[in-house]
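Attaching a single structure in structure tokens format; questions to follow.
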Amino acid sequence: MKIIFFISIKNIIYQSGFRKSFSTDSCLSYLNNKIATEFESGLFTGMILIDLQKAFDTINHDILINKMEYFGFSKEASLWCVVSIK
């Protein structure tokens, strides 16, 4: 839960999965509202959808650990994440 909290307070991404009181419905509602707001402001809105199911198989785990530490994760949390995705 600390990772979800960290992502939320740093406003890195909009994460709906694995959060209490959030679902695919809340994610779609957020997305719909964001697109409508930008459109009404006269801005263009784009979206990229990526399937990351196998993404962690292709990245260098040392680089991932360094990036996580750069964003404020402890060494232990970074290592735990890497071990968890192997």
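Six or more apart or on different chains, Cβ atoms under 6 Å: show the pairs whose first residue is in segment 62-77 and modelled with pLDDT of 85 or more and whose second is hydroxyl-bearing (S, T, Y).
I65/S78; M68/S78; E69/S78
Report every pair of residues separated by at least 6 positions or lying on different chains whose Cβ atoms are under 6 Å apart, first residue within segment 30-43 and assigned to a loop (DSSP other than H, G, I, E, B), second among the acidic types (D, E) and surrounded by 13 or more Cβ atoms within 10 Å (Cβ to Cβ).
none
Residue check: is A36 modelled with pLDDT of 75 or more and loosely packed, with under 13 Cβ neighbours inside 10 Å? Can you show your working first?
Values: modelled with pLDDT of 75 or more: yes; loosely packed, with under 13 Cβ neighbours inside 10 Å: yes.
Spelling it out, A36 is indeed modelled with pLDDT of 75 or more and loosely packed, with under 13 Cβ neighbours inside 10 Å.
The values are calculated or read from the model by the stated rules, or taken from the named source; none is laboratory data. Because the structure is a prediction, the values reported are computed rather than measured. Ideal geometry is used to build each Cβ from the backbone, glycine not excepted, and the neighbour counts take in all protein chains shown.
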